[in-house]
1. What are the pairs, 6+ residues apart or on separate chains, where a residue within the range 505-520 that is at pLDDT 95 or above has its Cβ under 6 Å from a residue that is hydrophobic (A, V, I, L, M, F, W, C) and assigned to a helix (DSSP H, G or I)?
2. Can you run down the residue pairs with Cβ atoms below 9 Å, 6 or more apart or on separate chains, where the first is in the range 342-355 and in contact (Cβ under 8 Å) with a residue 12 or more places away in the chain and in a helix (DSSP H, G or I) and the partner is of a type in the set (A, V, I, L, M) and open to solvent by 50 Å² or more (accessible area, probe 1.4 Å)?
3. Of all residues in the range 262-301, count the ones that are surrounded by fewer than 16 Cβ atoms within 10 Å (Cβ to Cβ), more than 35 Å from the chain's Cα centre (by Cα), over 19 Å from Ala338 (Cβ atoms) and touching a residue at least 12 places away in the same chain (Cβ under 8 Å).
4. Suppose we keep only residues that are of a type in the set (Asp, Glu) and at pLDDT 75 or above within the range 63-121. Which one would you say is most open to solvent (accessible area, probe 1.4 Å)?
5. Just one of (1) touching a Phe, Trp or Tyr at 6+ places or on another chain (Cβ under 8 Å); (2) open to solvent by 10 Å² or more (accessible area, probe 1.4 Å) trips up Val316, so point out which.
6. Taking the condition of being in a loop (DSSP other than H, G, I, E, B) and surrounded by fewer than 19 Cβ atoms within 10 Å (Cβ to Cβ), how many residues in the range 419-432 meet it?
7. Test Phe347 against the criterion of being at pLDDT below 95 and buried (at least 20 other Cβ atoms within 10 Å of the Cβ), and give yes or no.
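The values are calculated or read from the model by the stated rules, or taken from the named source; none is laboratory data. All values reported here derive from a predicted model rather than from experimental measurement. When we count neighbours, we look across all protein chains shown, and the Cβ atoms used for this are built from the backbone with ideal geometry, even at glycine. Accessible surface areas use protein heavy atoms only, side chains included; no ligands, DNA or RNA. Shrake-Rupley method; radii C 1.70, N 1.55, O 1.52, S 1.80 Å.
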Amino acid sequence: MRRPRGDPGSRYPGLTEGATYAGPGEPCRDGACRGSPSPNSMLRVLLSAHASSARLSGLLLLPPVQPYSLGPSKWGDRLPGGGPHAGPVQGLQRLLEQARNPGELLRWLGQNPTKVRAHHYPVALRRLGQLLGSRPRPPPIEQATLQDLSQLIIRNCPSFDIHTIHVCLHLAVLLGFPSDGPLVRTLEQERKVRLPPKPPLPLQPVLRGGQRLEAALSCPRLLRHPRQHLIRSLAARPEELTPHVMVLLAQHLARHRLREPQLLEAIAHFLVVQEAQLNSKVVQKLVLPFGRLNYLPLEQQFMPCLERILAREAGVAPLATVNILMSLCQLRCLPFRALHFVFSPGFINHISGTPHALIVRRYLSLLDTAVELELPGYRGPRLPRRQQVPIFPQPLITDRARCKYSHKDIVAEGLRQLLGEEKYRQDLTVPPGYCTDFLLCVSSSGAVLPVRTQDPFLPYPPRPCPQGQAASHPTTRDPAQRVVLVLQERWHFCRDGRVLLGSRALRERHLGLMGYQLLPLPFEELESQRGLPQLKSYLRQKLQALGLRWGPEGG
């Protein structure tokens with residue numbers, strides 16, 4: 001039968017009737033916990049009639065709240081310094097974790113000074129809590145044992161890292177060591193010493209005019225979470241705008257795919273008004289959103305202004321020059337004079353030895369493709385064949401970054417079940433370097449052919465059109481058609497979801513001009529399909545609408 005608290009025959013001295021435990025940070029009501037840590041303060045919470053087993057388990061037997069997890073795997077895997085434990089150090093940890101009473105804990109720590117590391121003390125405190133909370137009866141504990149353990153921790157506390165100090169302080173409070181006792185005080189002082197001092201708050205300068213706009217646009221929170229109502233208000237303050245502010249605004253619009261006509265027109269007007277003060281490195285950043293967002297401004301002097309800047313700055317900054325032309329290529333507004341310059345042997349030889357030679361050659365290859373497909377009246381120099389490189393030999397970075405949100409995998413599975421694996425190609429790069437999502441070869445009668453029996457590529461450059469045929473539909477002597485299924489994902493559009501980004505529109509335009517028949521798969525239609533059976537039905541309807549047919553072996 002259990003003895004009541006305060007029974008003279010109890011094996012735990014110092015426990016008297018009416019003694020109660022004061023929580024961490026509260027004064028003890030009987031005065032027993034003042035000064036050095038006494039066993040009574042801990043035993044009251046651990047052994048009093050009010051301390052349930054659930055509370056003991058919650059405080060001691062389970063690891064503390066993260067990041068102070070003190071399970072064996074935590075301290076057995078690494079030292080606070082980062083390296084793995086040596087054999088004797090790990091052996092000491094096992095001895096501490098298996099100690100049968102508090103005296104044994106103290107003995108292992110005191111008799112092995114060369115093997116004790118900082119992380120052993122939290123292990124000892126945690127084991128002490130497990131011992132005191134054990135059932136049916138906890139082992140006896142001496143006040144001197146707790147005092148000696150406290151002194152060991154206090155003596156070695158300067159060698160602890162901040163994590164070990166936090167863990168020891170956490171466990172000491174849970175075990176009932178008084179908040180005004182030497183152990184908790186010492187750990188708290190060391191914690192404060194280790195924390196880096198808070199720098200004084202800088203005086204906030206008074207921002208005026210354009211400085212306010214610059215600070216707002218430079219705010220990381222604004223860049224992560226676009227606030228359209230805020231940036232729209234900038235267009236109403238043209239007198240406060242500086243080149244740096246306008247660059248930040250242009251980058252913000254391009255990064256977040258915000259096709260805001262009012263702001264884009266403000267940038268175009270600023271570029272025209274400040275033409276004489278702007279160099280090509282600034283202009284390339286101001287022009288970027290127009291090409292990316294597929295927006296040709298209404299400002300009538302926009303193109304003449306850019307042509308003058310290109311004529312003035314082309315030889316100064318080659319990469320900036322090509323970047324400006326890339327934006328204009330997406331807008332189908334390439335100036336012949338600038339093309340003459342960038343395709344000249346002198347410009348090509350000049351960029352060959354620069355660090356950005358490869359990216360410039362890739363851009364020049366795309367410009368050469370645009371000249372071939374979209375500028376039949378151009379008669380100037382062209383990029384030599386030996387200098388040409390694939391334009392986009394793999395899926396674009398945005399597609400690779402968002403592949404887990406893409407519909408490509410489920411569309412591929414739908415085509416596999418519908419047509420069969422041998423009747424389509426996925427991610428095939430066709431000359432001059434455009435990556436296609438899915439490509440089918442189709443006979444003149446509309447039958448889908450096995451791709452392995454056909455050349456999937458159409459000739460590039462396309463063969464001239466016969467007299468009287470539309471130039472936008474080049475012909476090929478190959479009777480088989482090439483159908484490209486084009487995934488139009490949500491991020492392929494401007495934020496409003498209606499206008500394709502400039503790079504996507506350029507890709508689709510060029511594939512069509514080369515003779516590929518495009519079958520767009522818009523994201524709204526793909527997102528409305530619920531499961532693979534619905535998607536297969538959707539693909540079947542799309543393919544049949546083009547007059548395609550396939551055999552029963554395909555699905």
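1. Pairs that qualify, where the first residue is at pLDDT 95 or above and the partner is hydrophobic (A, V, I, L, M, F, W, C) and assigned to a helix (DSSP H, G or I), are His510/Leu373; Leu513/Leu373.
2. Hits for this filter: Ile351/Leu319.
3. Residues flagged as surrounded by fewer than 16 Cβ atoms within 10 Å (Cβ to Cβ), more than 35 Å from the chain's Cα centre (by Cα), over 19 Å from Ala338 (Cβ atoms) and touching a residue at least 12 places away in the same chain (Cβ under 8 Å) within the range 262-301 amount to 2.
4. Looking only at the range 63-121, we keep the residues that are of a type in the set (Asp, Glu), and these are 77, 97, 104.
Those left that are additionally at pLDDT 75 or above: 97, 104.
Numbers: Glu97: 58, Glu104: 15 Å².
By that ranking, first place goes to Glu97.
5. (1)
6. Residues of the range 419-432 that are in a loop (DSSP other than H, G, I, E, B), as a first pass: 419-420, 424, 427-428, 431-432.
When the remaining residues are screened for being surrounded by fewer than 19 Cβ atoms within 10 Å (Cβ to Cβ), the result is 420, 427-428, 431.
The qualifying residues number 4.
7. Details: at pLDDT below 95: yes; buried (at least 20 other Cβ atoms within 10 Å of the Cβ): yes.
Yes: the conditions hold for Phe347.
So that you can scan it fast, the table gives a plain yes or no per residue for (1) touching a helix residue (DSSP H, G or I) at 6+ places or on another chain (Cβ under 7 Å); (2) at negative phi; (3) modelled with pLDDT under 90:
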{"residue": "Ala236", "(1), (2), (3)": "no, yes, yes"}
{"residue": "Thr242", "(1), (2), (3)": "yes, yes, yes"}
{"residue": "Leu264", "(1), (2), (3)": "yes, yes, no"}
{"residue": "Ala268", "(1), (2), (3)": "yes, yes, no"}
{"residue": "Leu271", "(1), (2), (3)": "yes, yes, no"}
